[in-house]
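Quick notes on the structure that follows.
The values are calculated or read from the model by the stated rules, or taken from the named source; none is laboratory data. These figures come from a predicted structure and were not determined experimentally. Cβ coordinates were reconstructed from backbone atoms using ideal geometry, including for glycine residues, and neighbour counts include every protein chain displayed. Quick note on the areas: whole protein, heavy atoms, side chains included, nothing else; ligands and nucleic acids left out. Shrake-Rupley method; radii C 1.70, N 1.55, O 1.52, S 1.80 Å.
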Number of protein chains: 2
Amino acid sequence: MADRARLEIAVREQGERVRKLKAEKAPQDQISEELAKLLELKAQLGTNDGRQQFVLKTPKGTRDYNPKQMAIREKVFSTIINCFKRHGAETIDTPVFELKETLTGKYGEDSKLIYDLKDQGGELLSLRYDLTVPFARYLAMNKITNIKRYHIAKVYRRDNPAMTRGRYREFYQCDFDIAGQYDPMIPDAECLKIVHEILSELQLGEFLIKVNDRRVLDGMFEVCGVPADKFRTICSSVDKMDKMAWEEVKNEMVAEKGLAPEAADKIGEYVQLNGRTELIDKLVQDAKLSQSKVALEGLNDMKQLFAYLTLFGVEERVLFDLSLARGLDYYTGVIYEAVLVQSQADMQTQQNEHCESVSVGSVAAGGRYDGLVGMFDPKGRKVPCVGLSVGIERIFSIMEQRVEASDQKIRTTETQVLVAAAQKKLLEERMTLVAELWKAGIKAEIMYKKNPKLLNQLQYCEETGIPLVAIIGEQELKDGVVKLRDVSTREEVDVARENLTEEVRKRTCQS
Amino acid sequence: MADRARLEIAVREQGERVRKLKAEKAPQDQISEELAKLLELKAQLGTNDGRQQFVLKTPKGTRDYNPKQMAIREKVFSTIINCFKRHGAETIDTPVFELKETLTGKYGEDSKLIYDLKDQGGELLSLRYDLTVPFARYLAMNKITNIKRYHIAKVYRRDNPAMTRGRYREFYQCDFDIAGQYDPMIPDAECLKIVHEILSELQLGEFLIKVNDRRVLDGMFEVCGVPADKFRTICSSVDKMDKMAWEEVKNEMVAEKGLAPEAADKIGEYVQLNGRTELIDKLVQDAKLSQSKVALEGLNDMKQLFAYLTLFGVEERVLFDLSLARGLDYYTGVIYEAVLVQSQADMQTQQNEHCESVSVGSVAAGGRYDGLVGMFDPKGRKVPCVGLSVGIERIFSIMEQRVEASDQKIRTTETQVLVAAAQKKLLEERMTLVAELWKAGIKAEIMYKKNPKLLNQLQYCEETGIPLVAIIGEQELKDGVVKLRDVSTREEVDVARENLTEEVRKRTCQS
């Protein structure tokens, strides 16, 4: 008790010290150190009476996954991985943090969202912001010039999360990339085909894949009179067109970024355009745009892309959209973004009218980045890359809502049979039998009580969806049988003990 | 060029500034900030000529997994997950970081190894150090009193890594835990059974699972005359017995921790003991130890545990070892650690002689922690827990070495068939055919060249282990067939196009 009182005084004093340092605006470093001491003292205080006094939560913008959410997540992952494997991809993994300098200068205006680790001596580290930059670092470091790989892992952004809409600070990305020097637009078309397959298989409803090309954008900026050193920042403004009205975007370009109003107006005309091959043909003839060599290159590749997409049978859901810009710095060619749209009817009007009103958000995106690996290579050797990233959190949200709405029951375990006793004092017999089943590869459980009631054992099965119960009692043990009960039909049948494994397997082969 | 020159000057000046601050021992905070500016400038400089000048590496103590390593890793994971599911576990996931205060006061002397995130405004965060504390936080936060769950994820420790022996700063843990108020030692026995199953199925060679109980240790300390406030720190010293000789451990207890030499000597006698039921019986009769109530509780439970382990058929590989202590603060009952031993012969001598000489390291560990959840619960409500953690990195190392030694070929993709052309100008036909196969769920690839040579296409299959090639040429297209080639036998057969899917599936159902 004397110890506890001393500790309480120490906590109070330390708290005072921290408050004083804060008031004095002492170096953050020093405050953190004293704050750490305070937390340590508070923890000791908490431990003494067996508990702590602080808010029990996950960090802002993050969440736990409970077993039901995990069951949904694993189903989604398995669909996606299956698709990546169907297209011949290998997989790799990289650390969750990188040297800070590996990430520096890759994300443009978004760099401020990178999580840094505290300098505790040694290297300066940051949490990965995406899987693309670590992939490029991996290729350069291992001098790999050809690979088709997928990578599913969490990435970190200090964004203001809107978690209800499936936006988090820690979230999964499912990336597929093709690196290598190949003939134009063949890997690019396969990436779009993969996005199409995944969104179709997940049955998320109608979707639309918007495509554009950084070269078309750059050519457009050029012919509209944007100075070359403003290309990237004006591109960032165009990228906001799915969240802001054109007038606001124009205002940002002119008032904030100093673009001539005439240039902005010219851009405004182009970025309203969307269509397919006929639009490409029109733009190739466009008096202004056709004067840009890069724009023409982009347009010709776009035409080739649509031809390949037609062969793959997916061109219907792909739309060439000049307002698509993508925020990241590293794209050099084709870029794309898939959005869910509300209904078939909506989608058809959308192709003529304005896109933004019906889209409920981007679920996949990607593009070509031919310069990124070269930024890491000591000799600047380039490895052309194209890839896609599926943004899985929003898809989880949709799936979760759907499961809840449907009242569908999701099992979170795969247990095939519960070994139960009809009488008391049969724990050892239950343990022996369940070990026999485990040995045969059967998924089986017992309840961890010495003498559980049969009713409780049956209820456990109903709650967790275990389809079978293997019941033993004095009589069954004497007869060398097990009473096998079907939980849903309540039918019971005696099975010879040596046939139990086979019988369980036969009855649960579908589940 | 003028821009570049200006940038170079800026980099030089900023470098000078950082050096000066370091020399002046300015606050770390300020140095970091200026260093970040320097890196940013350097990155801009790098980007200008398309590259960066810095060391291309992963952070200290971490590594990438290449596709071959991933193939091994996924095989190991699938064995482990399969076992967890066989025992009826659900799975959950938690964020990679927690509020700093969630981790504070849980790890004793090891707390210094926790990675903190930089304070960028907002909450103070740390990377998770294990999966047990986040699990306890999850239970308390969601008021869960019963669950059997597994969790496979990376954890982070700022340790001095010995990567050649499979020790890293970022590494996977595969955890299985049973939470709930149950009858003694039933879940505990199942945890040991699971460790036994996993190590057997992974075929890692001989292993031994050492068990002890914190109550036996505490009782031993008590009767040896260790003051109660030194129990945890003396326990930490005992924990080092697998790495240090007894004399060194004793020295640490006496010289560093101020324990009376007689007390240390008494401990020294006990911790040399190991055995099974007969040892437990002997200790229950031990004149000194039997005077401790907690020790007797622990010994009686240990006896019950061995009875259950015998029913599960695993007692042969389990050894009650009084030198096993485990470093972590939160254990309250049975504790265990599995080590690989070099051979059957070694293992037998080991039971009588000294353990440390033959063990090649711990591959799994765990124990009972009945107080941890209560530390998070606002009302201190306890949820008894017992669990295990498989340390997978060391297992990977062993598996990798084995694969390399065996010259075994590991496939990193699952592609069943390559769609190839025998003549030029058949890209569109290849694309159409491969899309047909994808639609039917066949794993198929094409080479991303307009006119690849047939030889190159066949070589690609041999390199990557693709078993079949579907070859089309003018003649095949005219006849409505595809030439299906078996890569290993080089046999070719014409298959009607509408039967191709079925034929591919039939021939690759094993792979």
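Couple of notes before you dig in:
- Peptides B:92-100, A:498-506 ranked from most to least packed give B:92-100, A:498-506, packing being the mean of other C-beta atoms within 10 angstrom over each peptide's residues.
- The lysines whose alpha-carbon is closer than 18 Å to the alpha-carbon of A:LYS293, local same-chain residues fewer than 8 away aside, are A:LYS282, A:LYS303.
- Angle in degrees between helix A:427-439 and the longest Cα principal axis of chain A, rounded to the nearest 10: 40
- Peptide B:63-70 has a mean of 6 when you count, residue by residue, the C-beta atoms of other protein chains within 10 Å of its C-beta.
- Shortest-first distances to equivalent copies, position A:GLU428, nm, label 7 Å out along Cβ: 7.9
- At a probe radius of 1.4 angstrom, the accessible area of region B:410-511 per residue rounds to 52 square angstrom.
- Rounded to whole numbers, the Karplus 3J(HN,Hα) couplings from phi for region B:57-62 are 7, 8, x, 3, x, 10 Hz, using 6.51 cos²θ - 1.76 cosθ + 1.60 with θ = phi - 60°, and x at Gly and Pro.
- Evaluated with a Cβ-only charge set (Lys, Arg +1; Asp, Glu -1), region B:227-275 carries a dipole of roughly 140 debye about its Cα centre, given to the nearest 20.
- Rounded to 10°, Cα long-axis angle of helix B:186-201 versus longest principal axis of chain B: 40
- Computed over region B:160-314, relative contact order equals 33 percent, with contacts defined as Cα pairs under 8 Å that lie 6+ residues apart.
- Positive-end extreme of charge dipole, chain B - chosen from B:GLY122, B:ALA10, B:ALA440 (charges on Cβ): B:ALA10
- Simple Cβ-charge dipole of the protein assembly as shown, Lys/Arg +1 and Asp/Glu -1, about Cα centre, in debye nearest 20: 900
- Lys/Arg +1, Asp/Glu -1 at C-beta; region B:430-489 dipole; positive extreme among B:ASN451, B:PRO467, B:VAL487: B:ASN451
- 3J(HN,Hα) along region A:251-258, derived from phi through the Karplus expression 6.51 cos²θ - 1.76 cosθ + 1.60 where θ = phi - 60°, amounts to 4, 4, 4, 7, 6, 7, 9, x Hz, with x in place of Gly and Pro.
- Computed from Cα atoms, the angle from the helix B:214-224 axis to the main principal axis of chain B rounds to 30 degrees.
- Contact order normalised by residue count of chain A, Cα under 8 Å, 6+ apart, percent: 14
- In nanometers and ordered shortest first, the copy-to-copy spacing of the B:LEU113 label point, defined 7 Å from Cα toward Cβ, is 3.4.
- Residue ranges A:218-224, B:420-426 sort as A:218-224, B:420-426 when ordered by packing (mean number of other C-beta atoms within 10 Å per residue, highest first).
- Dipole orientation for the protein assembly as shown: of the candidates A:GLY391, A:LEU279, A:VAL249, A:VAL249 has the Cα lying most toward the positive pole (charges on Cβ; Lys, Arg +1; Asp, Glu -1).
- Taking the Cα centre of chain B as origin and assigning +1 to Lys and Arg Cβ atoms and -1 to Asp and Glu Cβ atoms, the resulting dipole is close to 1540 debye.
- Across peptide A:119-127, the mean count of Cβ atoms from other chains lying within 10 Å of each residue's own Cβ comes to 5.
- DSSP beta bridges in chain B [antiparallel fraction, %, rounded to 5]: 80
- For region B:391-489, radius of gyration divided by Kirkwood radius, i.e. Rg to Rh on alpha-carbons: 1.13
- Think of it as helices only: each DSSP H run of n ≥ 4 in the protein assembly as shown is worth -39500 (n - 2.57), and spread over all residues that comes to -13500 deg cm²/dmol at 222 nm.
- Cross-link pairs beyond the 23 Å C-alpha cut-off, checked among A:LYS37/B:LYS379; A:LYS154/A:LYS409; B:LYS230/B:LYS382; A:LYS118/A:LYS243; A:LYS409/A:LYS449; A:LYS106/B:LYS37: A:LYS37/B:LYS379; A:LYS154/A:LYS409; B:LYS230/B:LYS382; A:LYS118/A:LYS243; A:LYS409/A:LYS449
- The H on the amide N of B:LEU125, modeled in the peptide plane, is under 5 Å from the matching H of B:LYS100, B:LEU117, each at least 5 residues off or on a different chain.
- Inter-copy separations for A:ARG411, label at 7 Å along Cα-Cβ, nm, ascending: 2.9
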